[in-house]
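Enquirer: Dropping the structure in here first, questions after.
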Amino acid sequence: ESVVIGSSGRLEKVKRYDLMLRAFSLVQKRHPKTRLMIAGEGSLRHELESLARELGIENSIVWTGFRKDVPRLLAAMDIYVQSSVNEGLSLSILEAMAAGKPVIITDVGGARELVEHRKTGLLIPPGSAKIIAESITQLLENPAETASFAREGREYVLREFGLKKMVDAYGKIYEDLGGITLQG
């Protein structure tokens, strides 16, 4: 019966997991059966656990630590959230989208290239627990929209980052570098 909101990454200041915890505490007031799963390790782990206790949400959070089985964790998540204030082209966002998870990500760095707002997910401004909470609540309360984001996001990743696309790109590189043509 629980809905699992999840995220993965280093527990460092740039990832702003403090905002994620504050947002989750707001979401839980309206949706008490939600759970938060955070996969990753970092220097802020104890500080974030302390904040979770302060907010009264410690019993609704699963801290997985560093994990190599991210696809297994993604299978347990219903919504993927990234709260960073700086991000490159994030493999974790791509993995979540490929796994068919609706995503909420901050409009920073390379991350903004992955999500078309309100088509393949929600692209939100960085730095606001309130906006993260509102976005999570929007997805929790609009299952059809949530399913559409998940489907469109997965199709986007498969189309733009799938094996055929990658092989074609490598083929072009080889061709440009040395006139080698891949046949297949």
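The values are calculated or read from the model by the stated rules, or taken from the named source; none is laboratory data. Remember, it's a predicted structure, so these values are computed and weren't measured experimentally. Cβ coordinates were reconstructed from backbone atoms using ideal geometry, including for glycine residues, and neighbour counts include every protein chain displayed. In case anyone asks, the SASA skips ligands and DNA or RNA and just uses the protein heavy atoms, side chains included. Shrake-Rupley method; radii C 1.70, N 1.55, O 1.52, S 1.80 Å.
Enquirer: Add +1 for every Lys or Arg and -1 for every Asp or Glu among the other residues with Cβ under 12 Å from the Cβ of Glu1, and state the total.
Expert: Neighbourhood net charge equals +1.
Enquirer: Carbon-plus-sulfur fraction of the accessible area of the range 49-101, 1.4 Å probe, in percent?
Expert: The computed percentage sits at 51.
Enquirer: Probe of 1.4 angstrom, ligands and nucleic acids ignored: what's the accessible area per residue over the chain, in square angstrom?
Expert: 54
Enquirer: What does the charge count near Glu41 come to, summing +1 for each Lys or Arg and -1 for each Asp or Glu among other residues with Cβ under 11 Å from its Cβ?
Expert: Value of the local net charge: +2.
Enquirer: Let me see the P(r) profile for the range 5-57: every Cα-Cα distance counted, bins of 5 Å, each bin given as a percent of all pairs.
Expert: Bin by bin from 0 Å, the calculated values are 5, 20, 34, 26, 12, 4, 0.
Enquirer: If you fit an axis through the alpha-carbon atoms of helix 163-178 and take the longest principal axis of the Cα set of the chain, what angle between them do you get, 0 to 90°, nearest 10?
Expert: 50
Enquirer: Given H placed 1.01 Å from N in the peptide plane, which residues other than close sequence neighbours of His31 have an amide H under 5 Å from its amide H?
Expert: none
Enquirer: I would also like to ask the following. To the nearest 500 deg cm²/dmol, what mean residue ellipticity at 222 nm is calculated for the chain from DSSP H runs of n ≥ 4 alone, each contributing -39,500 (n - 2.57), summed and divided by the residues?
Expert: That calculation yields -15000 deg cm²/dmol at 222 nm.
Enquirer: Test of understanding: given the chain, find the longest segment containing no trypsin sites (Lys or Arg not before Pro) that are in a DSSP loop and have at most 14 other Cβ atoms within 10 Å.
Expert: That would be 120-184.
Enquirer: Can you work out the Karplus-derived ³J(HN,Hα) for every residue in the range 82-95? Use 6.51 cos²θ - 1.76 cosθ + 1.60 with θ = phi - 60°, whole Hz, and x for glycine or proline.
Expert: 10, 10, 4, 9, 8, 7, x, 7, 7, 5, 5, 5, 4, 4
Enquirer: Helix 45-55 sits at what angle to the longest principal axis of the chain, using alpha carbons and giving 0 to 90 degrees rounded to 10?
Expert: Approximately 40 degrees, to the nearest ten.
Enquirer: Rounded, prolate or oblate: pick one for the range 3-128, where a ≥ b ≥ c are the square roots of the eigenvalues of its C-alpha gyration tensor, a/c under 1.5 means rounded, and failing that, prolate if a/b is larger than b/c, else oblate.
Expert: Note, shape of the range 3-128 comes out rounded.
Enquirer: Working from Cα positions, state the angle (0 to 90°, nearest 10) between the long axis of helix 143-161 and the longest principal axis of the chain.
Expert: The answer is roughly 30 degrees.
Enquirer: A further question follows. If I take R0 = 35 Å and measure r between the Cβ atoms of Glu12 and Lys33 in this structure, what FRET efficiency does the formula 1/(1 + (r/R0)^6) give, to the nearest 0.05?
Expert: FRET efficiency, Glu12 to Lys33: 0.75.
Enquirer: What's the local net charge at Ser84, with K and R +1, D and E -1, over the other residues with C-beta under 13 Å away?
Expert: Net local charge, Ser84 excluded: +1.
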